[in-house]
Each structure stands twice: as structure tokens, then as C-alpha cells.
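The numbers here are math on the coordinates, done by the rules we state, and not lab data. Everything quoted here is computed from the prediction, not taken from an experiment. Counting neighbours? That spans all protein chains shown, and the Cβs are built from the backbone with ideal geometry, glycine included.
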Amino acid sequence: MRKFLVVLDDSRECLNAMRFAAMRARRTGGGVQVISIIPPEEFQHWIGVGAIMREEARERIHAHFEVFAKWMRDKQDVDPELVIREGDSVPEILSQIREDSEIGVLVLGAGSDKKGPGPLVTLLSRSSGDLPIPVTIVPGELSKERLEAIT
């Protein structure tokens, strides 16, 4: 089964990327894999404090994921899987793509503010020529109706 890999983070544009991935998966008989990356700088504390912070980060990710997963299950009939990795975002996303041969498309949400499309879109588009899969960039300001029409 072909999977759409989508990044779960705290950005606004993440919502449209999730919607797009779920709608495309439903319409094509694919799956959705949601990846969330815990940055390494969050744990540069004493060992005990770092372990507690790591566990709290995982709990936040699971809670955030469950909101999207419930919508995907209830509205799109897609049961997403969650992958949590620790490290720098781009290398971890690329590693996940290399390690899971079922991933067929990387879906990213693009921000629409003056800062640009966002760090992931910027960094991954620079290396997109070397990626083994296509990248779909979903505008953060696209309406739900427009997303439904194009998926």
C-alpha cells in the first residue's frame, strides 16, 4: 500500500497537509503515516530532567496526533500510523522515507506569511531533486472546499 507521509508539528499549515494526505489516501486506497520529530536541543539538560522532558514531548505528540487521527478515521475512513523520531527534522524525515519503502509521497504544508513557506518546505525543496519520492506542498490558506475539490 502506498503511504502519504505528513509531518505533524505546531504550525498552522500542518492542518491542511493532514487534510490533503487523508483525502488523497482515501481516494486512492492508500494510507497515511504521520511523523513528528522531537528536536535534540529540547533535552540538553541533566539526564533525569531530559528523560522527563522527552516523555512529556511524546505525550504532547500523541495527544496532538489523536485529534487528527480521530478525524481521519471518522471522516476519511483512514487509520493513520504515528512515527516519532528524535533529531534534526530534515535528516529524520529523509531517514524515514529511506527506511519505509511503502512511503510514496511526502506531503508538506506551506505557510503563507511574510517569513516564507516554512523551514521544512524550504530545506526539503532544496534537496527535492535527490528524493526517491515526490513532494506535495499544500498551501496553508487553501479552504477545506478547495482541498476536497482537488483531492
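In this structure the amide hydrogen of GLY118, modeled in the peptide plane, comes within under 5 Å of the amide hydrogens of GLY111, none closer than 5 places in sequence on its chain. Karplus-based coupling profile of region 68-80, in residue order and whole Hz: 5, 4, 4, 4, 4, 5, 6, 9, 10, 6, 10, 9, x, with θ = phi - 60° in 6.51 cos²θ - 1.76 cosθ + 1.60 and x standing for Gly or Pro.
Given DSSP loops and a limit of at most 16 other Cβ atoms within 10 Å, what is the longest stretch of the chain that contains no such GluC sites (Glu not before Pro)? Let's see the in-between values first.
On the way: sites that count: GLU102, GLU141.
Segment 1-101 is the longest.
In this label model, ALA149 and ARG85 are separated by 3.6 nm, measuring between points 7 Å along each Cα→Cβ vector.
Could you give the C-alpha radius of gyration of the chain expressed as a fraction of 2.2 N^0.38 Å, taking N as the number of residues it contains? Could the numbers behind the result be given before it?
Working: Rg = 15.4 Å, N = 151, 2.2 N^0.38 = 14.8 Å.
Normalised Cα radius of gyration, the chain: 1.04.
What are the chymotrypsin sites (Phe, Trp or Tyr not before Pro) within region 42-151 that DSSP puts in a loop, where the Cβ has at most 13 other Cβ atoms within 10 Å?
Loop-located and lightly packed - TRP46.
Remark: spin-label model distance LYS114-LYS70 equals 3.8 nm, labels positioned 7 Å along the Cα→Cβ axis.
Restricting to DSSP H runs of at least four residues, report the calculated mean residue ellipticity at 222 nm for the chain, -39500 (n - 2.57) per run over all residues, nearest 500 deg cm²/dmol. Rounded to the nearest 500, the figure is -15000 deg cm²/dmol.
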